[in-house]
Amino acid sequence: MLEVDAINSFYGQSQVLFNMSLTVKDGEVVTLMGRNGMGKTTTIRSIMGLTPARSGTIRFKNKEITSQPSYRIARLGIGLVPEGRLISPNLNVEENLIATANSGPNGSGRWNLETIWKMFPKLSERKSSMGNQISGGEQQMLAIARALMTNPDLLMLDEATEGLAPLIRQEIWSCLRDLKQEGQSILVIDKNLQALTEIADRHYVIEKGSVVWQGTSRMLLEDQTVKHQHLGV
């Protein structure tokens, strides 16, 4: 589904990613973990073409997208739930959903308003509320629903549950479990080690813009060294 091969990304003259590599297979849930400031968000931005990699290659469904603009990458089938949600405050919930909706790269996507209301009944109750009038948890649900409305082959979430109340976090993880069961490919950034190891197939731990560890959930839970040295657990 996704192959990131030895990319190097910069902000101005400051290099942030150093030969960063990862893969996401069809139907997999993969995490990107690490302390703050280690390059997780930059990796997501580079995949989406928002902070283009200066070298290395990024392939999505066997097509190189390294130099593609972000809108074309999105149309190929990558849906992004950005850090900070970026909900349009001047649109209501329903308008936020339909603003960028499409039937997906194959034209046969399952996500529409009806299926979104079933997945997120709270959003259905608030469909006429403006984007800045709903709670942080509802905004995060809306950000996920908005990405799903593009019917992506790959869903990427940057800080999936950051700053949310425990009950809302549980709802988000439940949503991601349901999506996994349906075969949705997911790349997720978050700090909740327990939840991530329960839902994900594989994990990448990065430090200073490079992968320092990768493996399965069982391997991660058993490796006390990586948890203490790189995750602060």
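Which residue out of Gly79, Gly49 is part of a strand (DSSP E or B) and touching a Pro at 6+ places or on another chain (Cβ under 9 Å)? Show your work before the answer.
Numbers: Gly49 fails: part of a strand (DSSP E or B).
It is Gly79.
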Checklist entry - Quick one: what pairs do we get from region 58-77, first residue surrounded by fewer than 15 Cβ atoms within 10 Å (Cβ to Cβ), second outside any helix (DSSP H, G or I), C-beta under 6 Å, 6+ apart or different chains? => result Glu64/Thr57; Pro69/Gly49
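Could you list, in sequence order, the residues of region 109-119 that are loosely packed, with under 14 Cβ neighbours inside 10 Å and either of a type in the set (A, V, I, L, M, F, W, C) or in contact (Cβ under 8 Å) with a residue 24 or more places away in the chain (or both)?
Filtering region 109-119 down to residues loosely packed, with under 14 Cβ neighbours inside 10 Å leaves 110, 114, 118.
Residue satisfying the conditions is Arg110 alone.
Out of the residues in region 159-196 meeting the condition of being of a type in the set (Gly, Ala, Ser) and touching a residue at least 40 places away in the same chain (Cβ under 8 Å), tell me which one is farthest from Val24 (Cα to Cα). Show your work before the answer.
Kept after step one, since they are of a type in the set (Gly, Ala, Ser), are these residues of region 159-196: 160, 163, 165, 174, 183, 185, 195.
Within this subset, residues satisfying the condition of being touching a residue at least 40 places away in the same chain (Cβ under 8 Å) are 160, 183, 185.
Working: Ala160: 18, Gly183: 13, Ser185: 7 Å.
Across region 159-196, the extreme among qualifying residues is Ala160.
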Next on the checklist: Tell me the residue from Ala143, Ala160 that is assigned to a loop (DSSP other than H, G, I, E, B), under 11 Å from the mean Cα position of the chain (by Cα) and among the hydrophobic types (A, V, I, L, M, F, W, C), please.
Outcome noted: Ala160
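Please specify each residue of region 152-210 satisfying the condition of being aromatic (Phe, Trp, Tyr) and within 25 Å of Thr115 (Cβ to Cβ).
Trp173
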Next on the checklist: Tally up the residues in region 1-46 that are more than 27 Å from Asp178 (Cα to Cα), in contact (Cβ under 8 Å) with a residue 24 or more places away in the chain and either in a strand (DSSP E or B) or of a type in the set (Val, Ile, Thr) (or both), please.
Outcome noted: 15
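Every number here is computed from the coordinates shown, using simple stated rules; none is lab data. Values in this document were obtained by computation on a predicted structure and should not be read as measured data. All Cβ positions, even for glycine, are placed from backbone atoms using ideal geometry, and neighbour counts span all protein chains on display.
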